[in-house]
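The structure appears right after this line, and notes come after that.
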Amino acid sequence: MNDSQQGNYDANYYKYYCGMEYGHNQEWEKIFSNQAERIVSEIAPKKTLDIGCAIGLLVEALWDRGVAAYGIDISEYAISNVREDIQPFCKVQSALKPLNDKYDLITCIEVLEHLNHKEITLAIQRMCEATDDILFSSTPFDYNEKTHISVHPVEFWVEQFAYQGFYHDIQYDCTYIAVQTMRFRRGEKDRIELIRSYEKALFQKHQEVFAVRHQLQLSDENVQIYKEAYQKHVDIINQDLNPRIQALTKELTENRQSTDALINKTEQEANALINKTKQEASALINKTKQETSVLINKIKQDIESEAENRIRPILLKEIEQRKYFEEKYYLNKDEHEALQLCRIELNQAVSSLELLQISEPSFDQLNFHGGLRALLRAYIARKKETKKLLSMNRAYWKAVFDPVYYAKHNADVAQAFGLDEDKLLRHFICDGMDEGRYANEEFHLDIYMRCNPDVVKKWGYNRRGYYLHYIADGKKEGRRAL
């Protein structure tokens with residue numbers, strides 16, 4: 001198989017040209033598991049090579065059973081999809097290149113029909129140079145597949161391997177792989193030995209066919225005997241049952257006539273009773289409607305009168321209280337907003353101080369004036385950064401912030417700001433990031449830190465830095481954040 005053919009065996013080929021979709025699924029894994037089990041138990045190789053291994057299903061099945069198995073395939077796509085722990089044992093290589101190693105067994109299943117005649121001869125030569133035992137299969141009848149350019153009967157392949165000193169081991173049954181599969185083994189046989197071995201196998205098959213034919217003949221004779229006995233039994237039963245069936249049929253006809261008459265009479269009586277009941281029910285319903293309507297009107301009047309007398313004073317009192325609290329609320333509204341801003345700035349200052357303590361191990365040893373200046377510089381830088389972040393639009397924060405999610409998963413914030421999206425975003429920028437709060441179902445701070453140690457090395461305990469890193473770089477780099 002030359003290198004120019006690699007493109008023919010891509011994802012599309014393995015999806016549409018292998019019967020059912022070829023991949024790591026239960027159906028294909030079961031097929032190759034059964035094949036590997038038979039190879040290990042019946043041939044017992046220590047080291048094997050699978051030529052045309054595709055995604056390595058037979059290789060992995062043999063490794064799982066303790067066999068040192070290897071594989072080659074022309075398709076880069078197939079080799080890239082080999083199971084991760086098996087990838088070191090499979091590689092991209094043409095079957096036409098020297099194998100440069102020795103194997104107890106080589107398997108080549110449904111591969112050489114993809115080559116032309118010259119390539120077939122070379123590929124068989126490469127296999128025979130590397131082993132004394134080959135399991136080989138190539139379809140003798142699938143002409144529809146466009147990549148099958150060399151479909152041949154089994155005798156063609158027997159001849160090709162014979163040129164290399166390999167002969168079909170007709171005593172070994174390979175049909176657990178496919179009906180056309182053959183085992184070729186190295187040997188030096190003259191014409192007489194070949195004739196004797198083939199005649200021996202032919203006689204065994206002849207005996208098996210004769211036994212099957214004899215069994216089939218006995219089965220046919222038994223079937224005929226059973227048919228005749230069954231027919232006699234049926235005739236005897238019919239002679240006994242036919243008079244009884246005729247009598248029962250006559251009785252059934254008479255009963256049916258009397259039953260039909262009874263049904264007609266019953267239907268007439270039932271219809272008359274139904275009409276009478278409908279009339280009585282209609283009169284009763286009309287009377288009940290009138291009485292109910294009068295009663296409902298009376299009850300409505302009583303309820304409305306009682307409700308007006310009991311509820312009016314309560315409503316007036318509630319209106320007065322509402323008016324009082326609304327006036328009080330608007331008087332104190334400005335004070336509440338100012339207090340909230342002070343709290344935000346205080347939290348910012350505390351966060352800045354904590355960050356300075358973490359980033360500066362000798363913080364406690366600084367002289368008073370130098371430490372104060374550093375603290376003020378950090379605080380001012382923090383204020384500037386926060387101001388800049390507050391100026392960013394909502395689209396900038398979309399990767400890490402969802403106002404509905406933020407309110408739902410932070411009850412204290414929702415209690416303070418409700419569903420006001422601007423206030424929720426402001427709280428997230430000023431406090432939420434430093435507190436490591438969850439604000440978006442796509443970004444969890446703990447997972448981001450655990451899965452990205454290089455980011456942790458850069459930002460340390462600066463929680464805000466992780467959010468900003470994910471917005472700026474992490475999401476584009478496809479880093480894991482949940």
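The values are calculated or read from the model by the stated rules, or taken from the named source; none is laboratory data. Nothing here was measured: the structure is a model prediction, and the numbers come from that model. So basically every Cβ, Gly included, is an ideal-geometry build from the backbone, and we count neighbours across all protein chains shown. All accessible areas refer to the heavy atoms of the entire protein, side chains included, with ligands and DNA or RNA removed. Shrake-Rupley method; radii C 1.70, N 1.55, O 1.52, S 1.80 Å.
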Cβ-Cβ cut-off under 14 Å around residue 151, Lys and Arg +1, Asp and Glu -1: the net charge is -4
Going out from 0 in 10 Å bins, what whole percent of all Cα-Cα distances in the range 96-190 drops into each bin?
16, 52, 29, 3
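Can you tell me how much longer the chain between residue 278 and residue 479 gets when fully stretched, taken as 0.36 nm per residue apart minus their C-alpha distance, in nm with one decimal?
Numbers: separation 201, 0.36 × 201 = 72.36 nm, distance 7.70 nm.
Stretched out fully, the residue 278 to residue 479 stretch lengthens by 64.7 nm.
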Explain nothing, just compute: Karplus ³J(HN,Hα) = 6.51 cos²θ - 1.76 cosθ + 1.60, θ = phi - 60°, for every residue of the range 405-417 in order, whole Hz, x for Gly and Pro.
5, 5, 5, 5, 9, 9, 4, 5, 5, 4, 5, 7, 10
FRET E, pair residue 92, residue 468, Förster distance 30 Å, beta-carbon r, rounded to 0.05
0.10
More than 14 angstrom apart: percent of Cα pairs within the range 43-118:
57
Gain on full stretching of the segment that runs from residue 391 to residue 30 - 0.36 nm per residue minus C-alpha separation
123.9 nm
Label residue 421 and residue 247 with points 7 Å out from Cα along Cα→Cβ: what is the distance between them in nm?
9.1
Compute the accessible area per residue over the range 374-459, keeping the other protein chains in place, probe 1.4 Å, unit Å².
59
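Compute the signed sum of charges (Lys and Arg +1, Asp and Glu -1) over the other residues within less than 10 Å, Cβ to Cβ, of residue 130. It would help to have the intermediate numbers written out before the result.
On the way: positive: 102, 126; negative: 101, 129, 132.
That sum, taken over residues with Cβ under 10 Å, equals -1.
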Calculated FRET efficiency, residue 295 and residue 266, Cβ-Cβ r, R0 30 Å, to nearest 0.05?
0.10
Report the label-to-label distance for residue 155 and residue 320 in nanometres (one decimal), using points 7 Å from each Cα along the Cα→Cβ vector.
11.8
For residue 408, go through the lysines and keep the ones whose alpha-carbon is under 21 Å away, minus same-chain ones fewer than eight residues off.
398, 423
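Hey, what D do you get for the range 1-137 in µm²/s if you plug the Kirkwood alpha-carbon radius into Stokes-Einstein at 20 °C and 1.002 mPa s?
Numbers: Rh = 15.0 Å.
Estimated diffusion coefficient is 142 µm²/s.
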Restraint check, 388/475; 265/289; 91/146; 265/287, Cα-Cα greater than 28 Å:
265/289; 265/287
Which value in nm describes the separation of the simple spin-label points at residue 68 and residue 288, placed 7 Å from the Cα toward the beta carbon?
9.4
Efficiency of FRET from Cβ geometry, residue 85 and residue 41, R₀ 25 Å, rounded to 0.05:
0.60
Keeping all protein chains in position, work out how much accessible area residue 473 exposes to a 1.4 Å probe, and write it in Å² to the nearest 10.
60
